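Scroll down for the structure; my scribbles are underneath it.
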Amino acid sequence: MTGPGHAGRRRTGRGYAARESTRRRRAVFADRDGTIIEDHQYVADPGDVSLLPGAVEALHRLRALDFAIVTVTNQSGIGRGYYTLDDYHRVAAEVDRQLLAGGIVMDGTYFCPDAPGGNPETTCRKPSTIMHERAADDLGLATAGSYFVGDKRSDVLPARALGGTGILVLTGHGAAEQASLDAEFRVAEDLLSAAALVERLEAQTGDGHAGLRPGR
Ligand SMILES: [Mg+2]
């Protein structure tokens, strides 16, 4: 039982484990306004930043599943001239401060300043996947098998292009967006319900999830 064949299999086993441990981490790409914080149409003042109920708990639960958590947010108010880049950064800093108070540090935050109506080939504005792909490059993440969560159809559509799961939350604009949602996407009451859904989906797929297997 201890012949070369056995030893060979053991070496193969260790090799596979090594590949598994270096596979890219998946992410939860979360929209900001109407998903993590209250959507006041255009959030231009740090004083208007308020986390949605359950958001911090949701992010802790997603982190516990070993997902990277990345904010991807359309900020057309910059491109429309409603507020400045500095305003955006002040608001973003306040979001980070409130999340940190709850023990959460995002792995990354990506924003698109473009107004609607730009060239669909080049705009970063969701449903473009430019922000997600940039985050994946910067942070070494896998987009396939990741989750795409937000209160608009444009937040979940990147799941289709990148091979993940889209979850529409019914906070923010979500309730209004639900009617036009394609059947392939999931729906959750809020970010906390979305986290619970991710927990259930991950428990179902386990290690057999095709998206988890490198290169096959
Ligand atoms: Mg939103």
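Remarks
- Of the chymotrypsin sites (Phe, Trp or Tyr not before Pro) found in the range 56-89, those in coil by DSSP whose Cβ has at most 14 other Cβ atoms within 10 Å are TYR82.
- Phi-based couplings in Hz for the range 41-54 (Karplus 6.51, -1.76, 1.60; Gly and Pro marked x): 6, 10, 8, 10, 10, x, x, 8, 7, 9, 5, 6, x, x
- In a fully extended conformation the segment linking ASP45 and ARG200 would gain 52.1 nm over its present Cα-Cα distance, using 0.36 nm per residue.
- Segment GLU57-ASP138, extension gain: residue separation times 0.36 nm, minus the distance between their alpha carbons: 26.6 nm
- Distances between placed amide hydrogens fall under 5 Å for GLY166 paired with PHE148, ARG186, all partners being 5 or more residues away or on another chain.
- Cβ charges +1 (Lys, Arg) and -1 (Asp, Glu), total dipole of the range 25-206, debye: 340
- Reciprocal mean inverse distance between Cα atoms of the range 25-206 - Kirkwood radius, Å: 16.1
- Theoretical FRET efficiency, 1/(1+(r/R0)^6), r = Cβ-Cβ of THR122 and ARG97, R0 45 Å, to 0.05: 0.85
- For the range 176-185, backbone phi angles converted through the Karplus equation (6.51, -1.76, 1.60; θ = phi - 60°) give residue-by-residue couplings of 6, 7, 4, 4, 9, 7, 6, 5, 6, 8 Hz, Gly and Pro being listed as x.
- Over the range 59-126 - Rg/Rh using Cα atoms and the Kirkwood inverse-distance radius: 1.06
- Between amide H atoms placed 1.01 Å from N, distances below 5 Å from PHE111 occur with THR73, all of them 5 or more places distant or on a separate chain.
Bear in mind these aren't lab numbers, they're just calculated from the coordinates by the rules spelled out. Quantities reported herein were computed from a predicted structural model and do not represent experimental measurements. With ideal geometry, Cβ positions are generated from the backbone for all residues, glycine too; neighbour counts draw on all protein chains shown.
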